[in-house]
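> Mind looking over this structure? Questions follow.
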Amino acid sequence: MSVVVITGSSGLIGSESVCFFCEKGYDVVGIDNNMRRYFFGEDGSVDWNTRRLLKKYKNFRHHAIDIRDEAGIGRLFKRLSENISLIIHTAAQPSHDWAAREPKTDFAVNALGTLVLLEAFRQYCPAAVFIFTSTNKVYGDQPNYLPVIEQERRFELPQEHKYFKGIDESMSIDNCLHSLFGASKVAADILVQEYGRYFGLKTASFRGGCLTGPAHSGAELHGFLSYLVKCAVTGRKYMVYGYKGKQVRDNIHSFDLVNAFYQFFQMPGSGEVYNIGGGRFANVSILEAIGMAERLTHKKFNYEYVEKPRIGDHIWWVSDVGKFKAHYPDWDYKYNIEDTVLEIYEAQKEALKK
């Protein structure tokens, strides 16, 4: 029996991972205590997703354990130890703004929780593979010093710039403003690398751009594309913070990201780091996303502009996924930005009926 352990199993990437590996015949053990509701209120609650997954998959088991609970995590890993082949760690506090409200909680969840999991991995199943869902926010505000050009509906880099096709892993993560969330994710990211390089374990940090998809419980403080489409469907006011709404994000569909995890699992490295996102294939500014939402809903988007941007927010981010594609040439995107927005829109419309 091969077991896949997934933390944050009811969140966007966690639940996509549950579906992916259950459908491949693995026994999947999910860990999720719905901290997202504590972070973001009812908008962020993932209870609905837990119920959906338990109903859909007979080979899925769920445990409401806090990843900071060393004893609880240790007992679970010890019981499953001989069978664990893969750990996918997606559980996190994911918001810049929220981290500033409770810095200790943010660091404990993102950094200490990751350390608890890594130690359980090293102690009980060191032959397994450990995949961490990191973030492009480990680069802090370094991308904001790129020479972007203002266009009508977005910022863009000059075509001759070395990062025009996307930002690769050569960008420094040092000497910049990260936000407290970015700092806690840096700590976790480095820990995952060290457990790979220092202890010789099979680990990878995937530094994601905007991760999105129809299973996202988007909230104002986290889940840009999902929350924007939710506001378009419901008529709720959306707040645009700074940069004239021309800030650019690349967006990777949750399926494409989990498929990348699967490629790494099949042929793992040690202490690897990959920038992963929609790249040049799937990226959008906020103004462009608003235009897409208006075309889908056939109504004017309700939003308010706030001049001051969020601390640590990127003006322009597009991932260069060249390193990952060089290591795993069979991997490619399935969902472009239009496909993804349409899926989210249809999911939001369906949710309104319930």
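The values are calculated or read from the model by the stated rules, or taken from the named source; none is laboratory data. From a predicted model like this one, the values you see are computed outputs, not experimental measurements. Every residue, glycine among them, receives a Cβ derived from its backbone with ideal geometry; neighbour counts consider all protein chains shown.
> Would the range 155-165 turn up any residue that is under 22 Å from residue 110 (Cβ atoms) and either over 23 Å from the mean Cα position of the chain (by Cα) or without any contact (Cβ under 8 Å) to a residue 12 or more places away in the chain (or both)?
No, the range 155-165 has no match at all.
> Cβ contacts < 6 Å: first residue over 11 Å from residue 166 (Cα atoms) and of a type in the set (A, V, I, L, M), restricted to the range 302-325; second residue surrounded by 15 or more Cβ atoms within 10 Å (Cβ to Cβ) and at pLDDT below 95, any location; separation 6+ or different chain. Result?
Correct list of pairs: 306/241; 311/179.
> Here's something else I'd like to know. Scan the range 308-327 residue by residue and report those that are in contact with a strand residue (DSSP E or B) (Cβ under 9 Å, 6 or more places away or on another chain) and modelled with pLDDT of 95 or more.
Answer for the range 308-327, where residues must be in contact with a strand residue (DSSP E or B) (Cβ under 9 Å, 6 or more places away or on another chain) and modelled with pLDDT of 95 or more: 315, 316, 317, 318, 319, 320, 321, 322, 323, 324, 327.
> Something else about it: Taking residue 274 as the residue in question, decide whether it is crowded, with 22+ Cβ neighbours inside 10 Å, of a type in the set (Phe, Trp, Tyr) and in contact (Cβ under 8 Å) with a residue 60 or more places away in the chain.
yes
> I'd like the residue in the range 221-261 that is more than 20 Å from residue 133 (Cα to Cα) and of a type in the set (S, T, N, Q) and, out of all such residues, is nearest to the chain's Cα centre (by Cα).
247
> Quick one: in the range 180-199, which of the residues that are within 12 Å of residue 113 (Cβ to Cβ) and not aliphatic (A, V, I, L, M) is nearest to the chain's Cα centre (by Cα)?
Checked the range 180-199; the qualifying residue nearest to the chain's Cα centre (by Cα) is 185.
> Can you find, within the range 138-163, the residue that is surrounded by the fewest Cβ atoms within 10 Å (Cβ to Cβ) among those that are not aliphatic (A, V, I, L, M) and not in a loop (DSSP other than H, G, I, E, B)?
So, considering only residues that are not aliphatic (A, V, I, L, M) and not in a loop (DSSP other than H, G, I, E, B), the one surrounded by the fewest Cβ atoms within 10 Å (Cβ to Cβ) is 145.
> Scan the range 296-337 for residues that are surrounded by fewer than 12 Cβ atoms within 10 Å (Cβ to Cβ) and either within 20 Å of residue 179 (Cβ to Cβ) or under 19 Å from the mean Cα position of the chain (by Cα) (or both) and report the count.
4
> Still on this structure, I have one more. Take the conditions more than 20 Å from residue 197 (Cα to Cα) and at pLDDT below 95 and apply them to residue 178. Does it pass?
Judged against the criteria, residue 178 is a match.
> What's the number of the only condition in (1) at pLDDT below 95; (2) farther than 14 Å from residue 224 by Cα that residue 239 fails to meet?
With respect to (1) at pLDDT below 95; (2) farther than 14 Å from residue 224 by Cα, residue 239 is out only on (2).
> Looking at 3, 28, can you tell me which residue is touching an Asp or Glu at 6+ places or on another chain (Cβ under 6 Å) and modelled with pLDDT of 95 or more?
3
> Say we look at the range 140-154 and pick out the residues that are within 22 Å of the chain's Cα centre (by Cα) and touching a residue at least 40 places away in the same chain (Cβ under 8 Å); which of these is nearest to residue 83 (Cα to Cα)?
140
> Quick one: in the range 268-285, which of the residues that are more than 11 Å from residue 248 (Cβ to Cβ) and of a type in the set (Val, Ile, Thr) is farthest from the chain's Cα centre (by Cα)?
273
> Condition (residue is at pLDDT below 95, buried (at least 21 other Cβ atoms within 10 Å of the Cβ) and under 25 Å from residue 9 (Cβ atoms)) applied to the range 189-210: is it met by at least one residue?
So far as the range 189-210 goes, yes, one or more of its residues are at pLDDT below 95, buried (at least 21 other Cβ atoms within 10 Å of the Cβ) and under 25 Å from residue 9 (Cβ atoms).
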